[in-house]
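Remarks on the structure that follows.
The values are calculated or read from the model by the stated rules, or taken from the named source; none is laboratory data. As the structure is a prediction and not an experimental result, all values here were calculated from the model. No Cβ is skipped: glycine too gets one built from the backbone with ideal geometry, and neighbour counts run over all protein chains shown. In case anyone asks, the SASA skips ligands and DNA or RNA and just uses the protein heavy atoms, side chains included. Shrake-Rupley method; radii C 1.70, N 1.55, O 1.52, S 1.80 Å.
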Amino acid sequence: MFSTLDMHILEILCEDARVTPREIAVMTGSDENQVNNAIDGLRRAGVLVGYQALINWERTDREFVQAVIEVNVVPQREKGFDAIAQRIVQYDEVKSLYLMSGAYDLMVLCEARTLKELASFVHSRLSTIEGVTGTSTHFMLKTYKYAGTSVS
C-alpha cells in the first residue's frame, strides 16, 4: 500500500510537477531524503510514470488535428481486449487509449499534423487491425478545459 506521504506527494506533483523535493519536504513536514526515497519508490512501482507541462497549443503556431475515435472490437480468447489495445498503443498518433463501458469498447485519443494524416491512420492502420469491427471518429474543434484547467 501507499503511505500518506506517497499520496500527498502525488497530489502535489499532479498540481505542479515543477515542485522540487525540497519544497515537497517543507509542504509535507517531511525530510528531503524521505521525499526523494518516496518519489523513487513511486517510480519503481510504476505509479509515477512521467511529468508533463500543460500547454495550450491553440495559442501557438503549431498545426495539428485531434480526434476521439470510438472503436468496437472482438475480444481475443484468453486475452480479452488487452491484445488489441497493445497493438493500438504502439502508433505515434495514439495519445491515450481507454477501455470503455457502453456502446463501444475502446476510446482512442489521437493527434496528427493534418486531417489527411489522421484519416489515413484510421483508414489504413487502425481499422485494419484484426479484431477491430468498427470505428467512429469525432474531430475536436476547440478545447475549453484540459486536465482540469480552463484553457479558453
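If you filter segment 10-37 down to residues that are assigned to a loop (DSSP other than H, G, I, E, B), without any contact (Cβ under 8 Å) to a residue 12 or more places away in the chain and touching a helix residue (DSSP H, G or I) at 6+ places or on another chain (Cβ under 8 Å), you find that the one that is most open to solvent (accessible area, probe 1.4 Å) is D31. Total residues in segment 126-146 satisfying the condition of being open to solvent by 50 Å² or more (accessible area, probe 1.4 Å), in contact with a helix residue (DSSP H, G or I) (Cβ under 9 Å, 6 or more places away or on another chain) and not β-branched (V, I, T): the figure is 3. Scanning segment 82-103 for residues that are open to solvent by 40 Å² or more (accessible area, probe 1.4 Å) and more than 19 Å from S120 (Cα to Cα) yields D82, Q86, Y98, L99, M100, S101, G102, A103.
Consider segment 51-81 and keep the residues that are acidic (D, E) and surrounded by 11 or more Cβ atoms within 10 Å (Cβ to Cβ). The one that is modelled with the highest pLDDT is E70. Listed by first and then second residue, the pairs linking a residue in segment 125-150 that is touching a residue at least 24 places away in the same chain (Cβ under 8 Å) to a residue that is part of a loop (DSSP other than H, G, I, E, B) and open to solvent by 90 Å² or more (accessible area, probe 1.4 Å), with Cβ atoms under 7 Å apart and 6 or more places separating them unless they lie on different chains, are Y146/L54; A147/L54; T149/L54.
Is one or more of the residues making up segment 106-121 in contact with a Gly (Cβ under 6 Å, 6 or more places away or on another chain), over 27 Å from N56 (Cβ atoms) and open to solvent by less than 40 Å² (accessible area, probe 1.4 Å)? There is no residue in segment 106-121 that is in contact with a Gly (Cβ under 6 Å, 6 or more places away or on another chain), over 27 Å from N56 (Cβ atoms) and open to solvent by less than 40 Å² (accessible area, probe 1.4 Å).
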